Structure formats: C-alpha cells, structure tokens
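The values are calculated or read from the model by the stated rules, or taken from the named source; none is laboratory data. Source: prediction; values computed, not measured. Cβ sites come from the backbone with ideal geometry, for glycine too, and all protein chains shown count toward neighbours. Keep in mind that these areas ignore ligands, DNA and RNA; they rest on the heavy atoms of the full protein, side chains included. Shrake-Rupley method; radii C 1.70, N 1.55, O 1.52, S 1.80 Å.
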Amino acid sequence: MDTFVKDFAKVAKRQHTLAADTTTTIDALITTLTEARNAHASETSPQCPISPTTALRIKTLSTKLSESHKETASSLSRFSRQVEKKFRHDLDSIWDPCALDDSSSDEDDEDLDDVDEEDTSRAKNTKEATLNRTLSHHFIREGRFDLASAFAAEAGFNVPEHLKQHVSEMYTILEQMRKGDVSGAVEWARGRREDLDKRGSGLEFELRKVEFVGLLKAGQVTEALEYAKRRFEPFAGSHLKEIQRLMCSFLFATRLATSPYADLLDPHLQTDIQRRFTRDFCALLGLSSDSPLFISVTVGTHAIPTILKMSSIMKDKSGIEWSQAGELPVEVPLSDANRFHSVFACPVSKEQSTDDNPPMMMACGHVICQDCLKRLGKGSTTTRFKCPYCPTESTGAQAMQIYI
C-alpha cells in the first residue's frame with residue numbers, strides 16, 4: 001500500500017501543477033477570443049477574417065490545453081492500470097453473501113413478543129439493524145448529524161439525542177483547541193476531575209500545561225508564574241517532577257526555542273492533546289476513541305491478503321473450501337493499535353472467560369477455557385485427550401493458565 005500512496009501523491013502533485021497551468025491557459029484563451037471578438041465587431045466589413053497572428057495564438061493555446069488534458073488523463077490511466085493489476089483478486093471467494101440474512105433463533109423471536117408490532121417488523125433482520133445502527137453512530141462520531149438523522153429515518157430507527165449532544169459538545173471543544181484555545185477543554189476536564197482520576201488520566205494537567213506554555217511563549221512571564229501557583233497545586237502529588245521541570249523553564253523564558261526545554265514548543269503536542277481529549281471524552285461516554293466501523297474496516301482491509309492466500313491454498317491444495325464459519329484458521333497480523341485482548345472467548349463453549357473459569361493453554365499452544373479442559377479430561381488431570389483443533393494429545397496437568 002505504501003507504493004500506491006507514493007504513486008498517488010505523485011499523480012495528485014502533477015494534477016495540481018497542470019491544473020494551475022490549465023487555468024492560466026484557459027484565461028489567456030478567453031482573453032484572446034474576447035479581443036478578437038471586439039476587433040471583429042469594430043471592423044466596417046463584417047466579412048473581415050481574424051488576423052493571422054490572432055488565429056495562430058488561438059491555435060497555440062488550444063493545442064497546449066489539449067496536451068495538458070492528455071497528460072493528466074495519461075497519468076491517471078497509468079495509475080488506474082497499476083491498481084487494477086495489483087488488486088486483480090476476486091473477493092467473491094472470501095465474503096459471505098448470507099452474512100446479513102436473518103438467522104435469529106426461536107429464543108430471539110420470543111424476546112420480540114413484548115415489542116410493538118411496528119418495532120417487530122423493523123427488527124426482523126437483527127444483523128442488518130445492527131449494521132444500520134453502526135453506520136448511523138459512525139456518522140455521529142464524524143460530526144455528520146444531519147446525515148445520521150436522515151439515514152436513521154430511512155432505516156426506521158431513532159438516533160439517541162443525548163449521543164448527538166455529547167458528540168456535538170466534543171466537536172465544539174476540539175474546534176476551539178485547533179484554534180489554540182484550550183479553555184473549553186480545561187473546564188470540561190475540571191468538571192470531571194474525579195471521573196478522570198479514576199481512569200488514571202492526566203488530561204487536566206496536560207491542558208493546564210498547554211495554557212502555561214502559551215503564556216511563557218507569549219513573553220508573559222509574570223502571568224505564567226501566577227498561573228503556575230494557582231493551577232498546578234492540585235497536581236503536585238501526581239506530577240511533581242513535571243511541574244519542577246516547567247518551573248526551571250523560567251530560566252530560559254527569553255530563548256525557550258533554543259533551550260533544553262524546546263520540546264515544550266513541539267507543534268505535535270497540540271495534536272497529541274486533542275487526541276487525548278477525544279479518547280478521554282469518549283471513554284467517559286462508554287465509547288471507544290475510534291469509530292467501531294473504522295476499526296472494523298481497517299482490520300478487514302489488513303486481513304484481506306491473508307484470507308485470499310489462505311482461501312486459494314485450501315482450494316488448490318486440499319480441495320477444501322473455507323466455510324467462513326467460526327474462527328479463522330490462520331493468524332492475521334495486525335498493528336498494535338488494532339489488538340484487543342481485554343477478554344477471552346472460549347472457541348469451544350463460545351463463552352467469555354471469568355476468574356472462576358480462566359483461559360488455559362494446552363501443550364500444543366491452543367487455548368480453551370478451564371471448564372472445557374476439565375470436560376475433555378473427564379475430570380482428571382492425568383487423562384490424555386486430543387486437542388479440539390489439532391491432533392496433538394495432552395493432559396490437563398500440562399495446561400497453563402493464561403492471565404489477561
């Protein structure tokens with residue numbers, strides 16, 4: 001993908017350059033044609049032809065405009081062929097056309113008995129309803145409130161007003177932060193200091209630090225000192241070393257950019273504090289910092305090459321097709337940001353592990369819950385049994401508990 005990104009950047013840069021040249025050429029052509037029209041209108045004889053000089057200039061500009069268009073189309077065509085050549089795989093072999101079919105059980109139907117008839121009709125396909133709500137919530141997370149409301153209305157459900165209000169507040173504060181004003185974020189964090197402390201978040205201190213550095217950067221040394229006395233005291237117990245370092249920066253207030261404290265002026269700190277504010281804001285709402293839809297699409301995109309290769313090997317070598325049911329038979333490499341292992345769901349019982357039923361790793365490396373391990377060993381730690389996922393045999397005594 002890095003190659004495509006670089007090539008696309010080259011195409012975009014070239015298109016931007018040609019767009020500027022094309023605009024100049026079009027303006028010159030319009031000017032020439034206007035002058036020719038005015039000159040022709042002033043002639044006494046309406047049959048007087050355009051002067052050879054003007055005709056040559058019009059032809060030259062038209063040719064230049066045509067060549068510019070051809071060059072743009074050619075670069076786009078080359079990039080398009082490159083993409084098509086790379087992504088020539090048929091994705092129909094790895095996706096499930098019945099993924100959104102209604103497969104709710106009788107138990108699910110019983111749960112709908114107490115629901116209004118209108119709501120029942122809307123909830124016939126629970127998977128599709130879940131997808132629709134995910135899309136709607138994604139639009140809200142992106143600040144597209146009108147789009148979210150219109151989509152929800154067409155899909156037949158209501159968007160939570162409190163969610164729109166909270167996200168709207170978040171975007172308002174973020175917009176202020178992008179303009180260099182963190183006062184709104186400071187007030188929000190101060191009002192939720194107790195909740196943030198429970199999460200171990202130092203957001204309020206980081207925001208206070210941004211305000212302090214802003215005063216120091218503006219040369220308001222006296223105001224910065226008074227600010228530090230008033231605002232840093234509540235954080236002395238948890239951020240003492242950082243506060244001491246900020247106090248030492250007064251020694252270099254007139255040349256902070258070339259001092260050992262130049263990192264306080266790093267422009268990336270603004271982006272980091274905005275990302276941190278978004279993460280803590282969403283966490284207090286019970287939401288992830290990134291949209292679940294964005295995470296799902298990102299993980300799915302990373303998984304496509306591995307799944308394509310696995311599907312091809314299973315068809316060509318063994319004649320067995322992947323049924324797309326249950327878990328993937330191969331590991332999909334993901335970045336650290338997309339690894340979520342806060343819970344473990346046993347692949348045998350399909351239940352989440354608990355303190356009383358922890359995950360256990362067998363000798364072969366496969367992991368199942370403790371209850372399933374006991375059932376396989378028939379209650380004995382010395383009885384040998386076969387792993388549910390591979391031919392390896394082991395005993396319950398050989399299994400090790402996994403701590404998550």
(request) Show the residue pairs that are 6+ apart or on different chains and have beta-carbon atoms under 7 Å apart, the first residue being within the stretch 1-22 and open to solvent by less than 60 Å² (accessible area, probe 1.4 Å), the second being not hydrophobic (A, V, I, L, M, F, W, C). (result) Asp7/Gln82; Val11/Ser75; Leu18/Ser68; Leu18/Glu71; Leu18/Thr72; Thr22/Ser68
(request) List the number of the failed condition for Glu154; all other conditions in (1) open to solvent by 50 Å² or more (accessible area, probe 1.4 Å); (2) in contact with a helix residue (DSSP H, G or I) (Cβ under 8 Å, 6 or more places away or on another chain) hold. (result) (2)
(message) Any residue that is aromatic (Phe, Trp, Tyr), open to solvent by 70 Å² or more (accessible area, probe 1.4 Å) and either modelled with pLDDT under 75 or more than 18 Å from the chain's Cα centre (by Cα) (or both) - is there at least one of those in the stretch 312-325?
(response) no
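Return yes when Leu135 is under 30 Å from Thr254 (Cα atoms) and of a type in the set (A, V, I, L, M, F, W, C) and no when it is not. Write out each step before concluding.
Numbers: under 30 Å from Thr254 (Cα atoms): no; of a type in the set (A, V, I, L, M, F, W, C): yes.
Answer is no for this residue.
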(message) Kindly evaluate Phe139 against the criterion of being out of contact with any strand residue (DSSP E or B) (no Cβ under 9 Å at 6 or more places or on another chain) and open to solvent by 50 Å² or more (accessible area, probe 1.4 Å).
(response) no
(message) I want to confirm something. Restricting to the stretch 329-378 and keeping residues that are of a type in the set (Ser, Thr, Tyr) and open to solvent by 40 Å² or more (accessible area, probe 1.4 Å), which single residue is modelled with the lowest pLDDT?
(response) Ser342
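Take the conditions open to solvent by 60 Å² or more (accessible area, probe 1.4 Å), under 24 Å from Ala9 (Cα atoms) and either of a type outside the set (Val, Ile, Thr) or modelled with pLDDT under 85 (or both) and apply them to Glu43. Does it pass?
Values: open to solvent by 60 Å² or more (accessible area, probe 1.4 Å): yes; under 24 Å from Ala9 (Cα atoms): no; either of a type outside the set (Val, Ile, Thr) or modelled with pLDDT under 85 (or both): yes.
Judged against the criteria, Glu43 is not a match.
Residues being loosely packed, with under 15 Cβ neighbours inside 10 Å and not aliphatic (A, V, I, L, M): count how many of those fall in the stretch 251-288.
We begin by selecting, within the stretch 251-288, every residue loosely packed, with under 15 Cβ neighbours inside 10 Å; these are 251, 254-255, 257-258, 260, 262-263, 265-268, 270-272, 275, 285-286, 288.
Then keep just the ones that are not aliphatic (A, V, I, L, M); that gives 254-255, 258, 260, 263, 266-268, 270-272, 275, 286, 288.
Result for the stretch 251-288: 14.
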